Every structure is written in C-alpha cells, then in structure tokens.
1. Using θ = phi - 60° and the Karplus relation 6.51 cos²θ - 1.76 cosθ + 1.60, list the HN-Hα couplings for region 15-20 in order, rounded to whole Hz, with x at every Gly or Pro.
2. Skipping prolines and chain starts, which residues have an amide H placed within reach, meaning under 5 Å, of the one on Leu4, given they are 5 or more residues away or on another chain?
3. May I ask which of Lys3/Lys25; Lys3/Lys38; Lys174/Lys202; Lys22/Lys116; Lys17/Lys103; Lys194/Lys239 have a Cα-Cα span longer than 24 Å here?
4. Got a number for the accessible area of Leu244? Probe 1.4 Å, square angstrom, nearest 10.
5. Given a cut-off of under 8 Å on Cα pairs at least six residues apart, what relative contact order in percent is computed for region 148-246?
6. Could you go through region 27-36 in sequence order and give the Karplus-derived ³J(HN,Hα) for each residue, using 6.51 cos²θ - 1.76 cosθ + 1.60 with θ = phi - 60°, rounded to whole Hz, and x for Gly and Pro?
7. Give me the three principal axis extents of region 207-246 from the C-alpha atoms, as integers in angstrom, largest value leading.
8. For Val82, enumerate residues with amide H under 5 Å from its amide H, sequence gap 5+ or separate chain, H modeled in the peptide plane.
Amino acid sequence: MSKLSAVIIDDEISNLKGLEQKLEKLFPEIQVVNTFQKPEDAITALKIEQPDIVFLDIEMPRINGFDLLAQLVSIHFQVIFVTAYSDYAIEAFKQNAVDYILKPIDDEDLKLAINKAITLVNGKKEVTNNDKLVSLLTSVLSNNKKIIVPTSKGLSFIPQEDVLHLEGYEGYTKIHVNNAATIMSSYNLGRFEKLLGHNFFKCHKSHIVNLERVRHFENEGYLLLENEQRVPISKTNKKAFLDLFK
C-alpha cells in the first residue's frame, strides 16, 4: 500500500506529538510530512504543496482553523478537524458530516475519521465531502467576502469582487472572473445565489451578474459588463434592475 501524506496543525506541541505518535502506531501507511504550531506557517506551506490529509485544530492564536482554510486558494486535501471543546460547533459538524475528533483523542474515533479520509483520498467513493465542507465554511464564515467553489480538483476561494458573472449551464455553473478565466463548478446556479452578497443580481434564470461590473443597460434586453460581455436580462427582471438605480 502506498503511503499517504499528512500534515498536523495545532498550536500545542504536546497535541502535535501525541497525534503523530498515534498515527505512527495505528496507521503506518500515513506519513506525517510536516507539523505546524503557527497557522501562518501552515498557510504558506499549504499554498505551495498540499498533503492527502490535514489534521486541523480549531482554536488557535491569531487564526482559527476555519479562517486558515478560507485563506487558501484551493483545497485538495481531506480535512479532519480537531477540537477540545465539545460544544464548539459540534452540531454543525454532525449535520454536515465533516470529520472531526474531540480532544483528548480516542483511538476509535481517530480510526473512524482516518478510514473515511483514506477512502475519499483513494477514490473508492464518487461522492466527496466537498459539499459538506463548503456548507460548514459558509455557515461559520458568514462575513467572508469570498465564494467557495467546489471544482473537480478541490475547493477554490474566489473574492466576490473578482467575479463578473455567473452562468448556469446544464446543471453546472460557469464563473467568469476579471482575469478572463472561467471556473466550472458542479454546483448549480441556485446554490451560488444563496452564497452571494447584495452586489449580485439575478438578471435571468441562467445568469447572475456583479452589479459593480455592469457598465451599460441595452434596451433590447442585455447588460454589458466591463469586459464587453453581453448578458441577457429577462423582461420580468428589467424593472427590478432599473429600480435599483432610482
């Protein structure tokens, strides 16, 4: 069996060493490639190279576990949250079926969480926990100004101000950003509509535009964006759009 790589992030050195020893004993196929006490150092490292599994503490100085994830451009690893607080968002974890371990770490809980992560890493199931992680991050980071986008490679975090236009396409969503790139997500347009801020307007059943990026309204039924893209606006939405500028 090929080894899987893991990173442990926890501000307490005793927790780092304790979990590392448990992994060495219970899961010799998992190689801990790095440990971090400072979340800032972990963010820098994870932007460059990502392991298969990350064990992530929630309560840390300066940056908590949720904020750490939000600062990454993308997530290509399985996250197992670690917390010492039994009342800290545990219900949210359970409802979203995100893996978590309660400190002090019980061997059986650790085995269950890791086996699930290994299954996902090895691709033995088609369904990943990305949707559940997105739901959790969105609920906890409600003031975050980024869109969390599940893609075929993991999760991308896109500043909302960089998004020009979202386009529904055969159950998927094309996200057009200001550097002329297009990101395809498995989420439908309706899912994104719930995640967007007040600067976004659904002008058509298949289109949502960033109002800050609209440069012209065409009477024949189109909005012209700053990148010269023309987006259709339905007759039923014309009045609501124009009323925004009264």
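The values are calculated or read from the model by the stated rules, or taken from the named source; none is laboratory data. Owing to the predicted nature of the structure, the values given are computational and were not obtained by experimental measurement. Cβ coordinates were reconstructed from backbone atoms using ideal geometry, including for glycine residues, and neighbour counts include every protein chain displayed. All accessible areas refer to the heavy atoms of the entire protein, side chains included, with ligands and DNA or RNA removed. Shrake-Rupley method; radii C 1.70, N 1.55, O 1.52, S 1.80 Å.
1. Each residue of region 15-20 in turn: 5, 4, 5, x, 5, 4 Hz.
2. It is Ile30, Gln31, by chain and number.
3. Working: Lys3/Lys25 14 Å; Lys3/Lys38 26 Å; Lys174/Lys202 14 Å; Lys22/Lys116 17 Å; Lys17/Lys103 14 Å; Lys194/Lys239 22 Å.
Beyond 24 Å: Lys3/Lys38.
4. Using a 1.4 Å probe on the heavy atoms, I get roughly 90 Å².
5. Working: 157 pairs, mean separation 18.8, N = 99.
So the answer I get is 19 percent.
6. Karplus-based 3J(HN,Hα) across region 27-36 equals 9, x, 7, 9, 9, 6, 8, 6, 10, 9 Hz.
7. Principal extents (Cα only, largest first): 24, 19, 17 Å.
8. Distant-sequence amide H within range of Val82: Leu56, Asp57, Ile58, Ile101.
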